[in-house]
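Inspection log for the structure reproduced underneath, given as structure tokens.
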Amino acid sequence: MAHTIAVALPKGGVGKTTTAVNLAASFAVEGQRTLLVDLDPIGSAGASLGFTASTVGAGLYEAFNFVTNFGAAIHHTELPLLDFVPCNVTSLQREDRILRLADNRTLLRNLLRPAAQPYDCVLLDCPPALRGLTTTALAAADAILLPVRPGLFSLDAVDKLFTYLDWMREVTNRPIGVEGILITMHEPRTRVSDITLRELAAKYRHHLLTTMIPRSTALGEASFYGKPAVLYEARSQGADAYRTLARELLSRRAEIPLHAGILERFGTEG
Ligand code: ATP
Ligand code: MG
């Protein structure tokens, strides 16, 4: 069964989509059959993979409305082991409707149960808010990955998400784990990066991932060209960091015995 990771933080522009796209591509390069699902009506993940309105057929919108089955919303990408489900919200009316449908917290989880079978890993790219589609994603996830861009407001967002996660565990009665906290757009030896790192280590040391994603122009450029960095400039620092991250997460998972997996990851903040 696929391991499902929600990439989430209730703050805009911290690198959620960049992480979801490049981590998904890196998992695929590492031989993992990977599915990336875009839960953000803005649709940046699709654009970052080169999809346009004319190349998207059905998406999450149609699957949530039961107009098509989930399988029909799955699109192949340039990477043989990476598939993608676009959000396909192309108007305000569609956005209103998908947000209403997302009130049913278990909808995505139920759709993914059969659809995720052929994959090793499913990544969910969340919008920068807690409610609505992020809640649907958390209810479907085995674990959350929190991308944190150095800065005070990101730290507030981490606290907020952990509080919300406790509530989600309670209402869904599921041990949603923590995949890790990932520093993005890291600039070594700058005060903001140093302070953010220190604060996170003091509070959430167990969850802080070893890999950090440096600020890298190749990552921004790659999404302009509709490619994950590994296909745009494989030797760039950004592409390299996301491959290292994929290896770190895979090796952490391999170290946890199967029967203990979810318990090991549950409830260890602080
Ligand atoms: P939103 O909350 O709006 O969905 P997000 O959290 O998904 O935003 P991204 O869209 O991934 O954030 O990134 C925001 C901007 O920062 C983008 O222009 C992206 O190209 C750029 N960016 C992300 N990560 C890096 C990085 N490591 N180095 C340089 N630029 C980056
Ligand atoms: Mg985004």
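The values are calculated or read from the model by the stated rules, or taken from the named source; none is laboratory data. Bear in mind the structure is a predicted one, so any value in this text is a computation, not a measurement. Cβ coordinates were reconstructed from backbone atoms using ideal geometry, including for glycine residues, and neighbour counts include every protein chain displayed. For accessibility, only protein heavy atoms count, side chains too; no ligands or nucleic acids. Shrake-Rupley method; radii C 1.70, N 1.55, O 1.52, S 1.80 Å.
Given the conditions (1) part of a helix (DSSP H, G or I); (2) in contact with a Gly (Cβ under 9 Å, 6 or more places away or on another chain), and given that residue 165 satisfies all but one, which numbered condition is not satisfied?
Single failed check for residue 165: (2).
Inspect all residues belonging to segment 27-36 and state whether any of them is under 23 Å from residue 114 (Cβ atoms), open to solvent by 10 Å² or more (accessible area, probe 1.4 Å) and polar (S, T, N, Q).
Yes - at least one qualifying residue is present in segment 27-36.
Which is of a type in the set (Val, Ile, Thr) and in a helix (DSSP H, G or I), of 19, 52?
19
Answer with yes or no whether residue 34 is under 27 Å from residue 215 (Cα atoms) and within 16 Å of ligand 1 (Cβ to nearest atom).
Criteria not met by residue 34.
Would you mention how many residues in segment 27-56 are out of contact with any strand residue (DSSP E or B) (no Cβ under 9 Å at 6 or more places or on another chain) and within 30 Å of residue 254 (Cβ to Cβ)?
Qualifying residue count for the region: 3.
Return yes or no: is residue 155 open to solvent by less than 30 Å² (accessible area, probe 1.4 Å), part of a helix (DSSP H, G or I) and either of a type in the set (Val, Ile, Thr) or more than 22 Å from residue 35 (Cβ to Cβ) (or both)?
Yes: the conditions hold for residue 155.
Could you tell me whether any residue of segment 58-81 is within 16 Å of ligand 2 (Cβ to nearest atom) and within 30 Å of residue 155 (Cα to Cα)?
no
I'm checking my understanding of the structure. Among residues of segment 205-218 that are open to solvent by less than 20 Å² (accessible area, probe 1.4 Å) and in a helix (DSSP H, G or I), which one is farthest from ligand 1 (Cβ to nearest atom)?
The selected residue is 207.
Among all residue pairs at least 6 apart or on different chains, which show Cβ distances below 6 Å where the first residue, located in segment 43-54, is closer than 20 Å to residue 92 by Cα and of a type outside the set (A, V, I, L, M, F, W, C) and the second is within 15 Å of ligand 1 (Cβ to nearest atom) and not in a loop (DSSP other than H, G, I, E, B)?
44/17; 46/38
Working only within segment 126-152, note down all residues that are away from ligand 1 (no atom under 15 Å from the Cβ) and buried (at least 18 other Cβ atoms within 10 Å of the Cβ).
135, 136, 138, 139, 140, 141, 142, 143
Of all residues being open to solvent by 10 Å² or more (accessible area, probe 1.4 Å) and either in a loop (DSSP other than H, G, I, E, B) or near ligand 1 (Cβ under 9 Å from one of its atoms) (or both) in segment 1-14, which is farthest from residue 157 (Cα to Cα)? Just the residue, please.
For segment 1-14, the residue satisfying everything is 1.
Residues in segment 169-184 that are crowded, with 21+ Cβ neighbours inside 10 Å and either of a type outside the set (Ser, Thr, Tyr) or at pLDDT below 95 (or both): how many?
7
Identify, please: which residue in segment 219-238 is within 16 Å of ligand 2 (Cβ to nearest atom) and farther than 15 Å from residue 19 by Cβ and is, among those, most open to solvent (accessible area, probe 1.4 Å)?
224
For segment 119-128, indicate whether the set of residues that are hydroxyl-bearing (Ser, Thr, Tyr) and not in a helix (DSSP H, G or I) is non-empty.
Checked segment 119-128: at least one residue is hydroxyl-bearing (Ser, Thr, Tyr) and not in a helix (DSSP H, G or I).
Are any residues in segment 94-147 modelled with pLDDT of 95 or more and within 14 Å of ligand 2 (Cβ to nearest atom), and if so, which ones?
Residues satisfying the conditions are 123, 124, 125, 126, 127, 128, 133, 134, 137, 145, 146, 147.
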